[in-house]
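The values are calculated or read from the model by the stated rules, or taken from the named source; none is laboratory data. Nothing here was measured: the structure is a model prediction, and the numbers come from that model. Here Cβ is always computed from backbone atoms with ideal geometry, including for glycine, and neighbour counts include all displayed protein chains. The protein model used for the area step is the full one, side chains on, heavy atoms only, and it has no ligands, DNA or RNA in it. Shrake-Rupley method; radii C 1.70, N 1.55, O 1.52, S 1.80 Å.
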Amino acid sequence: MWSLAIVWISSLLVSAQAQGTASLFRGNDRSGRCQYSFTVASPTESSCPSVGSGPEMEALKTRLGLLEVMVARLARGESPGVVAGTGFQEAYTQAMGEKAQLQQEKDRLTQQVDELQQRVTVLQKEAEKLRSRPCQQPPPPTVPQHDSSLRPGTGPAHSHLVSRPDRTQGDTSSLRDPSWQYISPGYQELKAEVSEVPAPKPEDTEDHTGCGELLSVGEPVTHRKADSIAGKYGVWMQDPEPVAPYGPGMVWRIDTVGTEVRQLFGYEDMEQLSRGFPTKVLLLPEAVESTGATMYRGSLYYQRRRSRTLIRYDLLSESVAARRDLPHAGFHGQFPYSWGGYTDIDFAVDEEGLWAIYSTNKAKGAIVISQLDPHSLEVKRSLETNIRKTTVANAFMICGRLYTVASYTLPNTTINYSFDTATSQSKAMSVPFKNRHRYNSMIDYNPVQKKLFAWDNYHIVSYDVRLGKQQ
């Protein structure tokens, strides 16, 4: 054995001599055994790198750390393969859960896309139906011969179906009632205490269509409900004496909730109104105040916002044809109906023409009735009643008589007063009247259809009326 050690050492010395100087040391180790050690200088490195600074040392530390973790787990009795498998199982379970959630979200979005495509298809079919409907060409209106711009054959042809001027071909965006953004209008909400009186049976039970006193009002018929908060209050009208290009079946409506009410919607007939497809949309030049507007002889009559100014808007020229202040009339909450809403000035139309229902400081809040010139809005005559305007819910004219409604919220109320403009006499009465939807903000009379038009808490409704014999 010693001979082998001497040979091994000799070989090391020979190799060391080939590389450089070598040193041999001999000594006992800790256990007392003899140990030989020698050193050889590096042929290439002038100095040794610091301990722990090389990448080999970092990798070694990492392996040692992993080894310590495995040893610790083995000391606790855990199997390394089981521990690793558990971690992988948890990650796999989490990944599958997220995949399921993403699949559910994808299915929901796919369903929404299908529903939207179906709605687009329905709207396209409706638009095609409207475009394919033949347009009737009515005769041009009769105008003075000195106005060459409107002579027959020289002006633009108007059709019974009129579309928006700014709408392009194939655009169906204006075929639906828009849902206007709600802006708090600061409407008044006044309450009136009304005594309900049982209605006696009218003595004359025959059905007359003359122009006598109001005998009864029929059940309310609902035609449409508004789509948004803008339609909680409103006004709807049919012109009793229409002017071309609009016929007697044309229906007009204004949603009056908002601070800048300027949109006027036109519908070809009651069917289109009930379906919500306007054929005409006009932007009025001046904002509308409340629900007192009316339609008469091809013009819209309304009160300009925050003023006593009356406006006549011509539908044919789509411009203001006349304006005039109503002398001394209260406005913007001075003398409204009991439900509020700035209903100080209320237009009305009956068999005798155009009227304005309002009050003044001189009348101390009593209702004043003025008959107006439909062309110039000049006051032709005025009559003062003894009926306080703020104590009644609404009013309308029939055959030269003013009628007032007791309550706008009670489902069963009455028409409680009348005033005859021919005799200047008023009297109490009790004709049953129903507010089916319990917030009636507009009541007007149409003398051609012999009906009352009303706007009851988002709902467009009408009532048949029965009149007595003319005295």
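Tabulated values for the structure
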{"read-out": "Packing-based order for 284-290, 256-262, using average beta carbon neighbours within 10 Å, highest first", "value": "284-290, 256-262"}
{"read-out": "Phi-based couplings in Hz for the stretch 450-461 (Karplus 6.51, -1.76, 1.60; Gly and Pro marked x)", "value": "6, 9, 9, 9, 9, 10, 10, 6, 6, 9, 8, 10"}
{"read-out": "Solvent-accessible heavy-atom area per residue, rounded to whole Å², over the stretch 320-470 at 1.4 Å", "value": "36 Å²"}
{"read-out": "Cα gyration tensor category, rounded, prolate or oblate, for the stretch 341-471 with a/c compared to 1.5", "value": "rounded"}
{"read-out": "Shape of the stretch 241-327, Cα gyration tensor, a/c cut at 1.5", "value": "oblate"}
{"read-out": "Spin-label pair Arg436/Tyr92, simplified geometry with 7 Å Cα→Cβ offset, distance in nm", "value": "6.6 nm"}
{"read-out": "³J(HN,Hα) computed for each position of the stretch 216-223 - Karplus, 6.51 cos²θ - 1.76 cosθ + 1.60, integer Hz, glycine/proline x", "value": "7, 10, x, 5, x, 10, 8, 9"}
{"read-out": "Mean Cβ count within 10 Å, highest first, over the residues of peptides 64-72, 303-311", "value": "303-311, 64-72"}
{"read-out": "Computed label-point distance, nm, for sites Lys99 and Asn412 using a 7 Å Cα→Cβ extension", "value": "6.8 nm"}
{"read-out": "Burial ranking of peptide ranges 91-104, 214-227 (average Cβ count within 10 Å, highest at the top)", "value": "214-227, 91-104"}
{"read-out": "Contour minus Cα-Cα distance for Arg306 and Asp420 (0.36 nm per residue)", "value": "38.0 nm"}
{"read-out": "Approximate spin-label separation Lys450-Cys34, in nm, with each point projected 7 Å along Cα-to-Cβ", "value": "14.4 nm"}
{"read-out": "FRET efficiency, Glu378 to Met270 (Cβ-Cβ, R0 30 Å, nearest 0.05)", "value": "0.30"}
